[in-house]
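S.K.: Structure incoming, see below.
Taken together, the values in this text are just the output of simple stated rules run on the coordinates, not laboratory data. Nothing here was measured: the structure is a model prediction, and the numbers come from that model. When we count neighbours, we look across all protein chains shown, and the Cβ atoms used for this are built from the backbone with ideal geometry, even at glycine.
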Amino acid sequence: MKKIYLLVIAFAATTSVFAQARNATAQYQGSKQPAIEFDVPFPEKTVNKSIDNYFENKGYKGKDASGYLTYKGVRLPELGPDYYDLYFKTDKKSRKEKDATTVTMLISAGYGKFIGDTTDANVFSNAKKYLDGLTERVAGYDLEQQIGAQDEVVKKVSKDSLMLSTAAGELQKKKTKIETDIEENLKTQATLKAELDKQRLILQTLKDKRKQ
């Protein structure tokens, strides 16, 4: 229980170090667009897969567009009542922080009409809140991946253990048969030895008659 409590504290401390989602400007197809940036304490690969998994589960398939993972016609109540095109780009936060990722998000109302805090403050604010919850979503995704991977390890070890147990049973049967065969062999040897002694005695008796 103490260990879990310490992990919770560590996670909370880590997330507190990473600031909330912030206003930014990003380049898209040669022009600057209003954007939101957010730092996540997870590797870039994990963050990318988490984002894609999140939208895939909602029925949206992402496509690469000018370096951004793009989801067209997305409807998220967390953002607003309309459909939006969402653009995500991930980069390592810095060389020193290889396990930290900066996520850049652009929102469009369609047809390249990007939304900023001056064009639709409500949607833009909601998008920042959405990104603020990204760390928790990535953490949940990462945990599920670890659980899935560990489950596969358990299944493999369990399978190997069952195979060895089955093999041990077969070996035990062979061992029992060999021990039975050895016992029968020894009994047969004893019987043959007795018969051999008997026949030798008869032979000797016959030979002794020559002297008479």
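S.K.: Taking the residues in the range 62-120 that are touching a residue at least 40 places away in the same chain (Cβ under 8 Å), in a strand (DSSP E or B) and farther than 17 Å from residue 34 by Cα as candidates, determine which candidate is nearest to the chain's Cα centre (by Cα).
M.R.: 101
S.K.: Could you tell me whether residue 139 is touching a residue at least 60 places away in the same chain (Cβ under 8 Å), small (Gly, Ala, Ser) and out of contact with any Lys or Arg (no Cβ under 9 Å at 6 or more places or on another chain)? Give the derivation first.
M.R.: Numbers: touching a residue at least 60 places away in the same chain (Cβ under 8 Å): yes; small (Gly, Ala, Ser): yes; out of contact with any Lys or Arg (no Cβ under 9 Å at 6 or more places or on another chain): yes.
Spelling it out, residue 139 is indeed touching a residue at least 60 places away in the same chain (Cβ under 8 Å), small (Gly, Ala, Ser) and out of contact with any Lys or Arg (no Cβ under 9 Å at 6 or more places or on another chain).
S.K.: Now for a separate question. State all residues of the range 121-135 that are free of Cβ contacts under 8 Å to residues at least 12 places away in the same chain and either assigned to a helix (DSSP H, G or I) or buried (at least 20 other Cβ atoms within 10 Å of the Cβ) (or both); if no residue qualifies, say none. Let's see the steps before the verdict.
M.R.: Taking the range 121-135 and keeping what is free of Cβ contacts under 8 Å to residues at least 12 places away in the same chain, we get 121, 125, 133.
Listed by number, the residues that qualify are 121, 125.
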